[in-house]
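Before any comments, here is the structure.
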Amino acid sequence: MLRGFGFVQYSRCSFLATNQLLEPRVHRSLYGSRCAVRCRSHLGGSLAAFLCGALRPRMGKKASKGVAPMAPRGEKVPCQSLQDFASALAKQLATKNRLIRTFDVGGTGVKTALFSAPSLQSFLEAEGERELDWIEAPTSLGQAPGEEGFDAWLASVLPKLQNEKANGHVAFGVSTAGDLEHATGILHDWWSAGGHPRQWEGDGRADPHVAELMGLPRDRTFILHDGAAHLLGCSRCMVPPPRLACFSVGTGVGFGISDEEGAVVDPSSTTGARSHFLNGVPLSGASYRGLWRDWVARTEHVDDVEQVMRKEFANMGRPWSFPWVSLVLGRRGMELAEAAFGCPPPERGDDGGAGPVLNTEVRKASSEAYAQQWAHFLQTQFTPQFCTGSRRHQVDRICFAGMVAESNWSSMQQAFVSESSELSFPDTGPQEEETSKKRRSKKTQAAKTDTVHRAAAPSAIQVLPLAPHGSALIGAGIYALAGCGGAAMGLWAK
């Protein structure tokens, strides 16, 4: 039985691979930091110990219940290091005839792109805020039907896929949400690209492999969580910088984080899940009140605001009654700002969405309000909990990715990025503090956190440049190449 549930660097690095050693070549970033892959002398525990389907809510709603072993019975997952990952990737990048077809299964549909190993190598080795030279730029294929008929639908909207599946030189990378076992590619719940997420329960079926759902060759298909894919692709480096958090802002807010060596923390593992928590739940689904009530109170566009607020989001008919991070800071939050300030949505050219926003000036009021809401979240919620104290995976730098961030990046920089590319917040005056106090509710703990955490915000948190366009597709491609080299699991923090 299928059951619906609540929807929930910038351092430049290149690496020289040898038979037994990976020598890191480290370059100073634009901001004076360093990123390096450190050789590990000891690997504590097996990657097969990662567990998926931990009891945790998705976007603040129902929790996933399925728990399954990381690998099929009798199979062992080799223990690999970040050094192994980068070494395998370097060797695959040197394969001139290697092509990578990647997919990003997101909240509004399925995106795909095609690029070559040489172009990816040039992208990773180049200086500055460069973009990838695509063979086929990121393209939206529309919404998939879900787990039933996904493979047939994909073959119909992408006819050339049949030849690519028959070509052994083509690797496939998939970025997707859900409870995903990275060691096996098995998905415990399925987010059908804008449709309703589902779980397989009580019908005797084994949870599916993503490659089989999509009709892709299993031996050449490598799947990773979408937050991790953006994290891997955002830094324009073979592996992420240490202690980096990446916000991927689209329909919702995806989130990925790296450890002190640059290895990606697995959100589906028991211990890794906790490192993605904000106020005890995954960041994407954490309660957050935001500043939007001020927009609504002052707006002259009442009908437009009501229309946006009445829209269903994440299977909820009245989502603004219980606001959370992905609602307030994702695309719907931007749409509410546009409605409240009477501004149009972003307009782009015919370049697949990679170009600049053409109507920046007429969108200025809504974009600035949206950016200030992000600044408020970072100051009162994120930095006090993720960047200070004794948190296991503390954050020293952040990055933004996704179309919504791209559309508002200029305003976001002005709102919370200093000239030295560090987080910088305006001083909070007594009047604003008093206003925050008046908004507190005795019934809602979330209302308190907006002010309680304010004084604890740290300094010197580096803000990396905006991620390249299609960062999840790039990250999925990097992961797929390392997978073809037999070392994809080396990416994950131990």
Requested in this report: Determine whether Glu127 is at pLDDT below 95, surrounded by fewer than 15 Cβ atoms within 10 Å (Cβ to Cβ) and under 26 Å from Ala482 (Cβ atoms).
Outcome: yes
Query raised in the report: In region 81-90, is there at least one residue being within 27 Å of Gly330 (Cα to Cα), touching an Asp or Glu at 6+ places or on another chain (Cβ under 9 Å), modelled with pLDDT of 95 or more and crowded, with 19+ Cβ neighbours inside 10 Å?
Result: no
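So for region 432-446 (the condition being part of a strand (DSSP E or B) and either of a type outside the set (Val, Ile, Thr) or modelled with pLDDT of 90 or more (or both)), does at least one residue qualify?
Yes, that holds for at least one residue.
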Report summary line: Exactly one of Ser156, Ser175 is open to solvent by less than 60 Å² (accessible area, probe 1.4 Å), over 14 Å from Leu114 (Cβ atoms) and not in a loop (DSSP other than H, G, I, E, B), and that one is Ser175
Report summary line: In region 476-488, anything surrounded by 24 or more Cβ atoms within 10 Å (Cβ to Cβ) and in contact with an Asp or Glu (Cβ under 9 Å, 6 or more places away or on another chain) is listed as Ala476, Ala482
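When you scan region 222-301 for helices (runs of 4 or more DSSP H) that lie fully inside it, which ones turn up with 1 or more residues that are modelled with pLDDT under 95, among the small types (Gly, Ala, Ser) and buried (at least 21 other Cβ atoms within 10 Å of the Cβ)? Working first, answer last.
Values: elements: 226-234, 270-274, 292-298.
Fully inside region 222-301 and qualifying: 226-234, 270-274.
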Query raised in the report: Taking only pairs six or more apart or across chains, which ones have beta-carbon atoms under 7 Å, a first residue in region 264-279 that is more than 24 Å from Leu378 (Cβ to Cβ), and a second residue that is β-branched (Val, Ile, Thr)?
Result: none
Query raised in the report: Looking only at residues in region 304-330 that are open to solvent by less than 10 Å² (accessible area, probe 1.4 Å) and aliphatic (A, V, I, L, M), which one is farthest from Gly285 (Cα to Cα)?
Result: Val305
Query raised in the report: If you go through region 320-371, how many residues are among the basic types (Lys, Arg) and either assigned to a loop (DSSP other than H, G, I, E, B) or at positive phi (or both)?
Result: 1
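Just to be sure before I move on: is Glu361 acidic (Asp, Glu) and buried (at least 21 other Cβ atoms within 10 Å of the Cβ) in the structure I sent? If you could, list the steps in order and put the result at the bottom.
Working: acidic (Asp, Glu): yes; buried (at least 21 other Cβ atoms within 10 Å of the Cβ): no.
When the stated conditions are applied, Glu361 does not pass them.
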**Report entry** Pair list, Cβ under 8 Å, 6 or more apart: region 120-140 residue of a type in the set (Ser, Thr, Tyr), other residue part of a strand (DSSP E or B)
**Finding:** Thr139/Lys111; Thr139/Thr112; Thr139/Ala113; Ser140/Gly109; Ser140/Val110; Ser140/Lys111
Query raised in the report: Has region 371-380 got any residue that is β-branched (Val, Ile, Thr) and at pLDDT below 95?
Result: no
Query raised in the report: Which of the following residues is modelled with pLDDT of 90 or more, acidic (Asp, Glu) and within 25 Å of Gly227 (Cα to Cα): Glu136, Glu164?
Result: Glu136
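Here's the yes/no breakdown for (1) assigned to a strand (DSSP E or B); (2) open to solvent by less than 30 Å² (accessible area, probe 1.4 Å); (3) touching a Gly at 6+ places or on another chain (Cβ under 7 Å):
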site: His393; (1), (2), (3): no, yes, no
site: Ile398; (1), (2), (3): yes, yes, no
site: Ser407; (1), (2), (3): no, yes, no
site: Gln413; (1), (2), (3): no, no, no
site: Phe425; (1), (2), (3): no, no, no
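The values are calculated or read from the model by the stated rules, or taken from the named source; none is laboratory data. Note that the structure is predicted; figures quoted are calculated from it, not measured. All Cβ positions, glycine included, derive from the backbone under ideal geometry; neighbour counts span all protein chains shown. These area figures cover heavy atoms from the full protein model, side chains too; ligands, DNA and RNA do not enter into them. Shrake-Rupley method; radii C 1.70, N 1.55, O 1.52, S 1.80 Å.
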